[in-house]
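The values are calculated or read from the model by the stated rules, or taken from the named source; none is laboratory data. What you see is a predicted model, and the numbers here were worked out from it, not measured in a lab. All Cβ positions, glycine included, derive from the backbone under ideal geometry; neighbour counts span all protein chains shown. Quick note on the areas: whole protein, heavy atoms, side chains included, nothing else; ligands and nucleic acids left out. Shrake-Rupley method; radii C 1.70, N 1.55, O 1.52, S 1.80 Å.
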Amino acid sequence: MGWIQIMLGFLVITVSISSLSRFYSAGFFLHNDDICRHFYGFKDVYEGIDVRALTARVEEVLNKMESLQDKLESTVQQMEKNKEDLHKTHISRFEYKKFLEDEVIGPLYSAHIALRQIRLPRIEEIENGTLIEYPLINNFVIEEIRKYISPKENRVGKTNIYGTRKIYNTIGHACAVMKKELEEYMEYDIGSYCKDDWNLAQKLMIHGCDPLPRRRCLTRASKLYLKPYAINESLWRIPDGRNVRWSNYQCRNFECLSSKNPRRGYSKCTGCFEMEKEKLKWVTNTSLAIDFLIKDVLAIKPGEIRLGLDFGVGTGTFAARMREQNVTIVSTALNLGAPFSEMIALRGLIPLYATLNQRLPFFDNTLDLIHTAGFMDGWIDLQLMDFILFDWDRILRPGGLLWIDRFFCQRKDLDDYMYMFLQFRYRKHKWSIAPKSKDEVYLSALLEKPPRSL
């Protein structure tokens, strides 16, 4: 059995050498001016390199190597103690093969793969002389994520229509914090069916992992998907429930979503799935001055309101009423306990699956109207609200209308929120405040963006 001891000892030496070879090739153990400047020079030299993530991945590999080395050394020492028994023991080739596979080759392969996955900093110089490194590469183990976030060079080195030589796929910065959830989301068989995990994707988005990486798997649809209703009847008819995947909702059909059902699974926009109630909104006079009618709003800018954004939680009723006035409205939607996005689409309207976290995907000065109701209320942080309002100001055209519909907050906070809306110096067409409760108030306003011709 002496030759087994020799072989195991040789493997210990091989593992130790291989764990250092990659860093030797990078110049860590030789005097290499570029490497020294890259890691130990001034801050602007290595700014853009995630040193912490790189260090964590290197330590992970070294720990695997050290664990394997300890295991092999322990095995050799045990064999030294039992020399006499070894001479009497006969190990079959199958047992010897299994020992090598389980105790040596498997751990060695795992360490080898982990070592291969480490992206050592590549000193890449862009036009202004700044050194850059691909971000987030060493934060993730799942190969599909690493492939996605790696820059994709144009074929034949040509410049593309955007004027760049590479395409950088984007993910939200909070994806690095939600590493476990993102790796679960991105673990699938390429070309096969995706898992029914849209709720995991939405959780990632809401917590700042937005945008999400694209996936190379096939989206599941309802098993009994039917042709949607024609547009002349779909606007005010509950869609066929067989066109929705209900597996991640508390309810299993649209009837269950009734406001009378305490176990409907959602709390925002109660009654939004009841068309008889929805038909009354924005077209029927109420006793409250905070309730503006669509016809009165459109009369302020006759013929000028053509397209806009409804930022809130709902089933598309505002967009449906505007469609009847030949106005195209995009409705933001998240599936917060109910199929809001599916409902909007099945009504023949446009859902925009977006969170509060992201910059809106519209160019500057392009929308005629922004309407907000039922979502961005007094719970929101003032600084976050400031960023959102400036983004709305960016996409609203000069002369465009901002319709704040039943915004509510604590009475003591009203002055702060009023300042947030008035800081842009929009023209007031309508402005109304009404009590919601003893300590809360409603605010509705219709404001016009000034020209700002510079």
TODO: Mind listing whichever residues of segment 310-363 are within 19 Å of Ile238 (Cα to Cα) and basic (Lys, Arg)?
DONE: Arg321, Arg323, Arg347
- [ ] Go through Ala289, Ala299 for me and flag whichever is open to solvent by 20 Å² or more (accessible area, probe 1.4 Å) and modelled with pLDDT of 95 or more.
- [x] Ala299
Open item on the list: Scan segment 381-394 and tell me whether some residue there is in a loop (DSSP other than H, G, I, E, B), modelled with pLDDT under 95 and open to solvent by 20 Å² or more (accessible area, probe 1.4 Å).
Closed with: yes
TODO: Look at segment 191-223 and say how many of its residues are among the aromatic types (Phe, Trp, Tyr) and closer than 18 Å to Tyr249 by Cα.
DONE: 1
TODO: Say whether the condition of being touching a residue at least 40 places away in the same chain (Cβ under 8 Å), within 29 Å of His173 (Cβ to Cβ) and under 32 Å from the mean Cα position of the chain (by Cα) is met by at least one residue in segment 378-387.
DONE: yes
Open item on the list: Here are the criteria: (1) touching a helix residue (DSSP H, G or I) at 6+ places or on another chain (Cβ under 7 Å); (2) closer than 30 Å to Pro450 by Cβ; (3) among the hydrophobic types (A, V, I, L, M, F, W, C). Tell me which single one Ala333 does not satisfy.
Closed with: (2)
Open item on the list: Out of the residues in segment 302-313 meeting the condition of being open to solvent by less than 20 Å² (accessible area, probe 1.4 Å) and modelled with pLDDT of 95 or more, tell me which one is nearest to Asp405 (Cα to Cα).
Closed with: Phe311
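Conditions (1) over 30 Å from Ile238 (Cα atoms); (2) aliphatic (A, V, I, L, M); (3) open to solvent by 30 Å² or more (accessible area, probe 1.4 Å), marked per residue:
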residue	(1), (2), (3)
Leu369	no, yes, no
Thr372	no, no, no
Phe375	no, no, yes
Asp405	no, no, no
Cys409	yes, no, no
Phe424	yes, no, no
His429	yes, no, yes
Pro435	yes, no, yes
Ala445	yes, yes, no
Task: Residue in segment 187-200 that is open to solvent by less than 20 Å² (accessible area, probe 1.4 Å) and either touching a Gly at 6+ places or on another chain (Cβ under 6 Å) or not in a loop (DSSP other than H, G, I, E, B) (or both) present - done: no
Open item on the list: So the check is Cβ under 6 Å with 6+ separation or different chains; which pairs have a first residue in segment 157-182 that's closer than 22 Å to Trp198 by Cβ and part of a helix (DSSP H, G or I) and a second one that's open to solvent by less than 40 Å² (accessible area, probe 1.4 Å) and charged (D, E, K, R)?
Closed with: none
Task: Residues satisfying the stated conditions in segment 211-228, i.e. touching an Asp or Glu at 6+ places or on another chain (Cβ under 9 Å) and either touching a residue at least 24 places away in the same chain (Cβ under 8 Å) or open to solvent by less than 50 Å² (accessible area, probe 1.4 Å) (or both) - done: Pro213, Arg215, Arg216, Cys217, Arg220, Pro228
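Residues checked against (1) of a type in the set (S, T, N, Q); (2) within 12 Å of the chain's Cα centre (by Cα); (3) within 24 Å of Leu349 (Cα to Cα):
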position: Ala201; (1), (2), (3): no, yes, yes
position: Cys217; (1), (2), (3): no, no, no
position: Lys223; (1), (2), (3): no, no, yes
position: Lys227; (1), (2), (3): no, no, yes
